[in-house]
Amino acid sequence: MKTPKTVKGYLKMFVQIANEQSCDLNLSRGVTDEERKLIAYCRGAIQNELGDKEFKHILEKYGLHYP
């Protein structure tokens, strides 16, 4: 996976991650409950930051929004 090179690229990636579900992980590959929990916690932290009204204007600046 390539990392974004712009602020908008990072923000788009964060919004995409925030909208994903850890339960969508491919269970046939031996994903443990602990791994799923770690991913869920990280996703939750991103959701909390994106949902903070303090940063809403930054998302709007780049034409993005997070519910």
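Could you please let me know if GLY51 is at pLDDT 90 or above and small (Gly, Ala, Ser)? Quick ask: steps written out before the conclusion?
Working: at pLDDT 90 or above: yes; small (Gly, Ala, Ser): yes.
For GLY51, the condition - at pLDDT 90 or above and small (Gly, Ala, Ser) - is met.
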Where the second residue is loosely packed, with under 12 Cβ neighbours inside 10 Å and the first is aliphatic (A, V, I, L, M) and lies in the range 38-60, which pairs have Cβ atoms under 7 Å and are six or more apart or on separate chains? LEU59/HIS65
Modelled with pLDDT of 95 or more and either surrounded by 10 or more Cβ atoms within 10 Å (Cβ to Cβ) or touching a helix residue (DSSP H, G or I) at 6+ places or on another chain (Cβ under 8 Å) (or both), is that true of GLY44? no
Among the residues of the range 1-32, which ones are among the charged types (D, E, K, R), at pLDDT 85 or above and in a helix (DSSP H, G or I)? LYS8, LYS12
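The values are calculated or read from the model by the stated rules, or taken from the named source; none is laboratory data. Keep in mind the model is a prediction, meaning the values are calculated, not measured. Cβ atoms come from the backbone with ideal geometry, glycine included; neighbour counts cover every protein chain shown.
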